[in-house]
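Taking it in order: structure first as C-alpha cells, then the write-up.
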Amino acid sequence: MNFQERVEKQLHRLRADRNWLFVKSLFRPTVIIVSHKRSGFQWFRQIAYANLSKHAVMPPGARYQHYSIERVPERNRLNRNAILLVRDGRDVMVSLFMASTRDGRNGARIWEGDGNEITFPAFLRTEFMELKNSRHEIIRKMNPVDYWAKFHTDWLANSNVVHLVRYERLLEDQPEEIRRVMRTLGYREDEIRPIEVRLDFDQHSPVGSNIPQGYQRKTTGNWRRLFSAEDTAYFEEHAGPVLRALGYETTAGDGATLAHPA
C-alpha cells in the first residue's frame, strides 16, 4: 500500500468515526436513516453519504430502533430529517429467515441461535424479536411479522420522518430516488447530480447450498417462492394494513405492486 492509499484509508476511517460525525453535525443538519433489519440499510446509507454533501449522514453502521437510538451523538440535531427506508415486509421475512439460519441435513435450515432445525412457517410464528425500552431492557418478545408491523407503524407516526424510500424503487431507478430525497431535503436542482452506489449483493446473500428453490439475489418477490397460502394469510392478518400504508398495493390474490409516489 503506497502513501496516498494509506492517507485515503485513514481519512475514510476518520469520516466514519463517531467523534468526526459529532463535529460535522455541529455545522450541518443531520440525516438519520431509519430501517428495519434486512431492508437495504447499509446500501442506502452509502447512497446517502455519497450524495447528501450538505448534511451529516448519521450514523454509519447503526440505525434507529424502537424507543432507542444506538451510537448516535446525544446532541445530534435531528430537526425533522429522518428518512424511512422500507421494503416489502414479506421479502424482509424471507431475507431475515435466510440470514438467521444455515444449512442443515437433507435440505433443512438450522437456526443460528439454538442449532435446531426450523421451517419457514415456524420462523414466521416464533416470538424471538426483542422489543426494548430506552434502557435496552427487553419489554417483550414478538414474532417477526408483528415486530415488522409495529416498527413501521411507530415510525410512520413519527413527525421527524420527512421522506420514505422504498428498496424496490432503489433497484428500479436509483438516480430518481436520490433526486426525490435531495429535493425533500432542500437541495436546489443545480445541486442534484445523483451518484449511484452499486452494492455487491453476493456479499450479502445467504450462506450455504440448500437455499430454497427459486431464491434470487438482487430482486423482489422472493416471498412468492416461500410463502404458502397459510403464510400469506397470516402476514395479511398481522401486517397487511401496514404494508398498504407503506405504499404497497396488495390484491386479494397474493401480489403487491408499488403505489406511485405522491
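Using a simple spin-label model with pseudo-atoms 7 Å out from Cα toward Cβ, PHE27 and LYS54 lie 1.6 nm apart. Here's how it looks for VAL165: its modeled amide H is under 5 Å from those of LEU84, LEU85, VAL86, which are all 5 or more places away or on a different chain. Here the Karplus curve 6.51 cos²θ - 1.76 cosθ + 1.60, taken at θ = phi - 60°, turns the phi angles of the stretch 167-177 into couplings of 3, 5, 6, 5, 5, 6, 7, 4, x, 5, 5 Hz, with x standing for Gly and Pro.
Taking R0 as 35 Å, what's the FRET efficiency between GLU172 and GLU237 from their Cβ-Cβ distance, rounded to 0.05?
Values: r = 29 Å, r/R0 = 0.83.
After rounding, the FRET efficiency stands at 0.75.
Since every read-out is calculated from the coordinates, none of them should be taken as a lab result. Computed from a prediction, not measured in an experiment: that's the story for all the values here. When we count neighbours, we look across all protein chains shown, and the Cβ atoms used for this are built from the backbone with ideal geometry, even at glycine.
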